[in-house]
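Below you'll find the structure, written out as structure tokens, and then a few comments.
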Amino acid sequence: MTENAEQTPHTLEWKEVARELEVEIEKGLGDKESASRLRKYGQNRLEEKKKRGAFSILIDQFKSVVMLLLAVAGAVAFGFGKLPEGIAIIAVLIVNTLIGFISEYKARRSMRALREMGQQQARVLRGGEEYQIPAEQIVPGDILLLEGGDVIPADMRLVEVNALRVNEASLTGESVPVRKKDQVLSEDTPLAERTNVLFKGTTITEGSAKGIVTATGRNTQLGRISELAEKAEKEETPLEARLNELGGRLAYISLATVAILAVVGLLRGKPPLVMIETAIALGVAAIPEGLPVVATIALARGMWLMARRQALINRLAAVETLGSTQVIFTDKTGTLTESEMQVRKILTSVQSHSFKEGSLPSDTEDSVFRDTLRAGILCSNATLRDEDQDKEPETVLGDPTEVAILRLGMRLDILREDLLEDYPEEKEHSFDPDQMMMATVHRQEDLYLLVVKGAPEKVLQVCTRIRTEDGEEELTDEGREGWLKKAEEMASEGLRLIAAAEKETERVDDTPYEGLCFLGLLGLIDPPREGIRETIQACKEA
């Protein structure tokens, strides 16, 4: 496989990628070839660079200055016949080691069990036949078949695309799904804008696709991020640093005590052997045998308490690190928020309609408002079916933004199915990333209704009129600037904006993005989770 096919597949036609990977699109790899590539590239998984075995976990329990001091003190005590002191120190070492080892070993086994539970399957073409195989066995050159809801198991170059949208929040942090299509892109295209490739760990929200695997395991974009994380230098936890600092001080104090007492005793004529034994005994006594046990028991108890709250901690010292945390970086979408877009405001030339906390405005009979909402519902690819209006929607498919508009329409008894009966869809102009708009054409009596939605600045550019309470009026440059300022004000409230426009035309193939009548702005938001304010406050006070 060439470097281009692996690192920059977005710059190549899919046929070139297939040629470089030596695979036929309709047949896929043969069994022998796939087995050979599996041996060459390894399994398609992200592995830890260094696996911690039981022996490694055991040795880690002694990587502390205080523990080393105790071990030395115990050996010295036995060497000079101080059996009670030596036995006490050895007992402390054994108890401390067992508590730490058992806690971390159980956590390691639990994490391994979780990884085994998360094994993924994939649909692949091998020798012209479709098979379901473990995702770990996927190799570069495999032809994968994907559909809505699938988690993408490897980096891929798209071959066939059917209304495909992908949630790439795990890589880019953007909650809005990306529309994918087969087109060659320039080499400097940013990762978030590579619309002809799929990335491991992202999720298909809508549509289906066929693609060629270009990278697996650590060679994927997700794998490179994982590798960077593993290269991060290991730092001591605050508790480890303080204990090691204390251990160092105790070591110096003990040595100084031994030296001073030995010198003073010898100067006063005391027997050398007696002075050496006395000095060493005092030095051993200065070592706090109980300190490591107290610290380890406290950390182990914290680890067990966290486990009861469904939080799995891999290393004992991480409990203390968590407790001393001052800054937390967290994902927003689906963590702090509901991960479900909602329409919060619709602004028209007549008035502003707000939908806060699930409530509906008192006045929803404004004709311009209803036309704006109608345009948003018609100009959509989302599906929202609800057989029982008192229950949650039974089927939800499509872009979260479009689903949110359909949900609002459902609450106002403006259903997409009913609208399509009155305005049957004749044609769709798919969303164009350059135009940042999409349009649908609907039949109505002797004319066609063309509805458009998209980015406010783009929609306003192609509008020559605006819908008002008294009908349509000319949209001047001054009026257009005024609406752009209103859009900025809504955006400053944290709203995602969509503009709606329409026009009547005599031809189904009329140019969609010119001579439109502006209707209004729709403001959407992914609202905070219920109780998130209290959760953040509790986190601050923890």
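The values are calculated or read from the model by the stated rules, or taken from the named source; none is laboratory data. This structure is a prediction, so every number in the text was calculated from the model and none was measured. Cβ placement follows ideal geometry from the backbone for every residue including glycine, while neighbour counts extend to all protein chains displayed. Side chains are part of the model used for accessible areas, which takes the heavy atoms of the whole protein and leaves out ligands, DNA and RNA. Shrake-Rupley method; radii C 1.70, N 1.55, O 1.52, S 1.80 Å.
Some observations on this one:
- In order along region 198-214, phi translates into HN-Hα couplings of 10, 10, 3, x, 8, 10, 7, 9, 7, x, 9, 7, 10, x, 9, 5, 10 Hz, rounded to whole numbers, per the Karplus curve 6.51 cos²θ - 1.76 cosθ + 1.60 with θ = phi - 60° and x for Gly and Pro.
- Set K345/K427; K427/K453; K458/K503; K427/K503; K106/K540 screened for pairs whose C-alpha atoms are more than 24 Å apart: K345/K427; K106/K540
- Leading residue at positive end of dipole, region 390-541 (Cβ point charges), from I405, Y423, I532: I532
- List Y131, Y105, ordered by accessible area with a 1.4 Å probe, largest first: Y131, Y105
- With a Förster radius of 56 Å applied to the beta-carbon distance between I87 and E129, the computed FRET efficiency rounds to 0.20.
- Close amide-amide hydrogen proximity is noted between T337 and R529, each under 5 Å apart and 5 or more residues distant or on a separate chain (H modeled in the peptide plane; Pro and chain starts excluded).
- Of the residues E338, E445, the one with the largest accessible area comes first in the ranking E445, E338, computed with a 1.4 Å probe on protein heavy atoms.
- Most positive-pole-ward Cα, G471, Y513, A491, against dipole of region 469-542 from beta carbon charges: A491
- Under 5 Å from the amide H of H429 lie the amide H atoms of A439, T440, V441, each residue being 5 or more positions distant or on a separate chain, with H modelled from the backbone and absent for Pro and chain starts.
- For D150, the residues 5 or more places off, or on other chains, whose built amide H falls under 5 Å of its own are I204.
- In terms of accessible area, using a 1.4 Å probe and ignoring ligands and nucleic acids, D331, D371, D142 rank largest first as D331, D371, D142.
- Simple spin-label estimate for S36 and S170 in nanometres, 7 Å along Cα-Cβ: 3.1
- Using 0.36 nm per residue and subtracting the Cα-Cα separation, the extra length available between D182 and D418 on full extension is 81.6 nm.
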